[in-house]
1. Give me the residue from the stretch 41-83 that is in a strand (DSSP E or B) and out of contact with any helix residue (DSSP H, G or I) (no Cβ under 6 Å at 6 or more places or on another chain) and, out of that set, farthest from residue 300 (Cα to Cα).
2. Quickly run through the stretch 404-425 and pick out the residues that are over 16 Å from residue 372 (Cβ atoms) and buried (at least 22 other Cβ atoms within 10 Å of the Cβ).
3. Can you find a residue in the stretch 301-323 that is more than 16 Å from the ligand (Cβ to nearest atom), crowded, with 17+ Cβ neighbours inside 10 Å, under 27 Å from residue 193 (Cβ atoms) and modelled with pLDDT of 95 or more?
4. If I filter the stretch 241-282 down to residues being surrounded by fewer than 17 Cβ atoms within 10 Å (Cβ to Cβ) and under 24 Å from residue 220 (Cα atoms), which single residue comes out as nearest to the ligand (Cβ to nearest atom)?
5. Working only within the stretch 75-92, note down all residues that are within 15 Å of the ligand (Cβ to nearest atom) and more than 12 Å from the chain's Cα centre (by Cα).
6. Only one of these is farther than 22 Å from residue 44 by Cβ, part of a loop (DSSP other than H, G, I, E, B) and touching a residue at least 24 places away in the same chain (Cβ under 8 Å): 368, 362, 400. Name it.
7. What single numbered condition from (1) farther than 17 Å from residue 206 by Cα; (2) in contact with a strand residue (DSSP E or B) (Cβ under 8 Å, 6 or more places away or on another chain) fails to hold for residue 269?
8. Taking the criterion of being surrounded by fewer than 18 Cβ atoms within 10 Å (Cβ to Cβ) and in contact (Cβ under 8 Å) with a residue 40 or more places away in the chain, would at least one residue in the stretch 69-89 satisfy it?
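The values are calculated or read from the model by the stated rules, or taken from the named source; none is laboratory data. Nothing here was measured: the structure is a model prediction, and the numbers come from that model. Note: ideal-geometry Cβ built from the backbone for every residue, glycine included; neighbour counts use all protein chains shown.
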Ligand code: DOR
């Protein structure tokens, strides 16, 4: 189906119509056939489809929490046209066959591009490298590798992984957390509040020492490292230094680390239990500043659905993680209302697409680009209802909060996946 999107403001800067042809490409609007359907986007902002570097889709293994299809639906509703599916599934995505299967299931769902992330080490055990080269050469073309959920803590293994992926332009996305400094029972930020609540905490330094070590390893190997879910001001300082040295490092921050703080834990609500943990306001401020000035390159959701029987427990026993795909854009707008739409496109689409090597995503909204587009109502305000989510899980930290802006339409590969805020078909 070809159609014309009329009246949208491209990146919030200039109004133009967009013609999407039958082949799913953007074309000059004067080449649109006279009878082409028109989609009125007056007052909406058009951005390139969002790209999420960090999503947990749980399939295979935990289809009670999410599937590739339900996660793809959540992604489309959130304005995404590509998501990177983390490797901590059951079994782990550590072989070419496993990666190809995730990629195929993503294609069958057909709502966003699902790009598998390969594990760095076999079984996420941190010891032996996984089939990095075979995963890259598979049909899934894996280029991002991560043991997310766990840190690749052995420096020798991390060095070898960086050397290995360098050969084909891959990147290691690190969950930066020294297990010895964090301790096996840590479940929240270590500070005054954890002391008061009697909860074992993670100190910020457990993250920062790994970020520091890894940027040095990236320099030493001449390879590329990506820091997943940066959460402390100290990590930002290290990243700023590393970038000034010309080290090939990129970093992401989650929407929740841009808006939520550790004080939410005083009610012991496990919804707010996440890894890395929510931090104090000073860290939140540093993360926002770093995202605005480019020290942090991207926003990534760390969408981490969990079934009720894993999440609804006493705080210390509950699973780590929170939902994020459907709300990410509105959370970023709410946390950082002064970020321009061009910057939103940079941190949520263009740069993540570049980091992941997804050549047809994050492209400018101009003739010749594949039609991956999101149209946003910039002024809408809505209260989040966790029961309205299409995710199979309900661990939604935004329930009951009013957020700014709303995804109205999403176009993936020239097809409307979301129209007027609802899934198509
Ligand atoms: O909170 C988290 N949940 N952090 C992670 O690193 C893993 C994720 C998950 O898989 O649930």
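1. This residue is 46.
2. 405
3. Among the residues of the stretch 301-323, not one is more than 16 Å from the ligand (Cβ to nearest atom), crowded, with 17+ Cβ neighbours inside 10 Å, under 27 Å from residue 193 (Cβ atoms) and modelled with pLDDT of 95 or more, which makes the answer no.
4. Among residues in the stretch 241-282 that are surrounded by fewer than 17 Cβ atoms within 10 Å (Cβ to Cβ) and under 24 Å from residue 220 (Cα atoms), the one nearest to the ligand (Cβ to nearest atom) is 241.
5. Kept after step one, since they are within 15 Å of the ligand (Cβ to nearest atom), are these residues of the stretch 75-92: 83-92.
Within the stretch 75-92, 87, 88, 89, 90, 91, 92 qualify.
6. Values: 362 fails: farther than 22 Å from residue 44 by Cβ; 400 fails: touching a residue at least 24 places away in the same chain (Cβ under 8 Å).
One residue alone meets the criteria, 368.
7. Condition not satisfied by residue 269: (2).
8. Taking the stretch 69-89 as the starting set, the residues that turn out to be surrounded by fewer than 18 Cβ atoms within 10 Å (Cβ to Cβ) are none.
No, the stretch 69-89 contains no residue that is surrounded by fewer than 18 Cβ atoms within 10 Å (Cβ to Cβ) and in contact (Cβ under 8 Å) with a residue 40 or more places away in the chain.
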